[in-house]
Amino acid sequence: MKSGSKKGAFWKALGSFFIFFWMVAFVITCSTTLFITTLQSSLGLEFTKEELSAAAKLTMTNTVFISLLFAAIDVLRRKFLVERPAQKITEAAEKMIAGDFSVRIQPTAKFFADDTFNDIVACVNQMAEELGGVETLRNDFIANVSHEMKTPLAVIQNYGQLLQSPNLSKEQRMEYAEGVTEGARRMADMLTNILRLNRLENQQIFPKTTEFDLGEQICACLLQYENVWEREGIEIETDIAEDILVQADAELLGLVWNNLFSNAFKFTQRGGTVSVSLTADEHYAVVRVQDTGCGMTAEVGARIFEKFYQGDPSRASQGNGLGLALVKRVIDICKGEIGVESAVGAGTTFTVRIRRFCHEI
Ligand code: ADP
């Protein structure tokens with residue numbers, strides 16, 4: 001214990017002694033006076049000065065002793081039931097202020113416990129756990145964003161330096177300028193995805209529900225990849241049911257199809273096949289995006305919806321691991337379901353199931 005707090009404890013103990021002394025003295029004086037007066041009047045007794053003086057001394061000693069006893073009990077009570085738990089809470093709060101959210105307080109044993117303190121302890125522990133979770137997410141997020149930013153920035157920097165060299169041919173200048181543009185595009189894509197995800201997670205995007213033809217939307221999205229499948233010699237198979245109307249946010253669902261299609265083309269090698277189907281019953285529409293690409297292991301499959309997770313490091317430069325996190329968030333907002341089946345070397349199938357009409361959600 002520090003000398004300052006020792007001194008403080010001494011004055012506190014002295015203070016409580018005086019309080020108890022005055023209280024006990026008051027009670028004993030009143031009781032004794034009443035007792036003696038009653039005895040004198042009923043028995044007609046007369047006390048000598050010496051007898052009164054001896055009784056007064058004895059009463060005084062008694063008062064001092066009882067006050068000391070009460071003060072000691074009070075000091076111990078305060079120490080174990082108030083100061084110790086309060087000290088533990090203060091120390092935990094100080095650690096949290098310093099950024100250590102791993103701190104947890106042991107609740108006081110039931111026998112000594114003051115329920116109020118144990119309630120506070122439970123709240124502080126829960127607060128530390130919540131803050132710890134948020135802090136981990138924040139740190140992971142910052143680490144991931146910084147890591148993902150580094151690659152395109154390094155690319156831009158390299159091509160920028162190359163562009164400064166004198167005597168470049170026209171072709172070289174075009175190639176380096178394209179490198180800079182590509183790096184900038186990757187960063188812009190990532191920031192757009194981060195902002196979208198952030199808005200979706202904070203519910204700043206409220207679905208703008210309209211009724212539209214889902215088959216038409218899927219075909220329009222797929223056609224955007226025509227140059228990709230032609231360039232890569234990928235075969236396309238479609239089985240899209242007609243006149244399937246859904247009530248949903250078309251822009252958000254567009255994000256889903258775009259991400260699933262771009263992944264299917266990205267992970268399918270030349271000569272492979274990508275198949276897209278749409279079926280529906282009265283209540284649900286089911287979209288299947290299947291490819292004959294590289295597939296993935298069960299461990300990768302279990303993590304693909306995590307933010308920034310990329311299963312195949314050799315293709316890391318072609319994405320940022322945010323696409324499927326966005327897809328999952330949109331499907332959750334639309335109260336739909338998404339599943340994946342995959343086998344390494346055999347291909348992958350994503351199945352999305354959404355309710356067709358919003359009054360059924
Ligand atoms: P990105 O494609 O930018 O890496 P995504 O969130 O879209 O990020 O996908 C996360 C991971 O899921 C990918 O890195 C890949 O490992 C895996 N994945 C997604 N779609 C497929 C697919 N069709 N075939 C194989 N693996 C896939």
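The values are calculated or read from the model by the stated rules, or taken from the named source; none is laboratory data. It should be emphasised that the depicted structure is a prediction, and the values quoted were computed from it without experimental measurement. Cβ sites come from the backbone with ideal geometry, for glycine too, and all protein chains shown count toward neighbours. SASA here: full protein model, heavy atoms, side chains in, ligands and nucleic acids out. Shrake-Rupley method; radii C 1.70, N 1.55, O 1.52, S 1.80 Å.
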Note on region 148-171: residues of a type in the set (S, T, Y) and part of a helix (DSSP H, G or I) are T151, Y159
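Going through region 301-315 one residue at a time, which ones are within 7 Å of the ligand (Cβ to nearest atom) and touching a residue at least 12 places away in the same chain (Cβ under 8 Å)?
Looking only at region 301-315, we keep the residues that are within 7 Å of the ligand (Cβ to nearest atom), and these are 304, 309-312, 315.
Within region 301-315, I304, Y309, G311, D312, R315 meet the criteria.
Can you confirm whether S262 is open to solvent by less than 60 Å² (accessible area, probe 1.4 Å), within 14 Å of the ligand (Cβ to nearest atom) and either part of a helix (DSSP H, G or I) or under 30 Å from R138 (Cβ atoms) (or both)?
Values: open to solvent by less than 60 Å² (accessible area, probe 1.4 Å): yes; within 14 Å of the ligand (Cβ to nearest atom): yes; either part of a helix (DSSP H, G or I) or under 30 Å from R138 (Cβ atoms) (or both): yes.
It is true that S262 is open to solvent by less than 60 Å² (accessible area, probe 1.4 Å), within 14 Å of the ligand (Cβ to nearest atom) and either part of a helix (DSSP H, G or I) or under 30 Å from R138 (Cβ atoms) (or both).
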Of F17, F21, F10, the only residue that is open to solvent by 70 Å² or more (accessible area, probe 1.4 Å) and modelled with pLDDT under 90 is F10
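Checking the conditions here, which among V352, V340 is modelled with pLDDT of 95 or more, within 28 Å of the chain's Cα centre (by Cα) and near the ligand (Cβ under 10 Å from one of its atoms)?
On the way: V352 fails: near the ligand (Cβ under 10 Å from one of its atoms).
Only one candidate qualifies: V340.
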Name the pairs: first residue in region 320-339 and part of a helix (DSSP H, G or I) and open to solvent by less than 30 Å² (accessible area, probe 1.4 Å), second residue within 13 Å of the ligand (Cβ to nearest atom) and of a type in the set (D, E), Cβ to Cβ under 7 Å, at least 6 apart or on different chains? A325/E306
Could you figure out which of (1) closer than 25 Å to L223 by Cβ; (2) open to solvent by less than 60 Å² (accessible area, probe 1.4 Å) isn't true of R353? (2)
Every pair of residues 6+ apart whose Cβ atoms lie under 6 Å, when the first sits in region 53-66 and is within 16 Å of I19 (Cα to Cα) and open to solvent by less than 70 Å² (accessible area, probe 1.4 Å) while the second is at pLDDT below 90 and not aromatic (F, W, Y): T63/V24; T63/A25; T63/I28; I66/V24
I'd like to know if region 280-294 contains one or more residues that are open to solvent by 50 Å² or more (accessible area, probe 1.4 Å), over 28 Å from F212 (Cβ atoms) and near the ligand (Cβ under 9 Å from one of its atoms). no
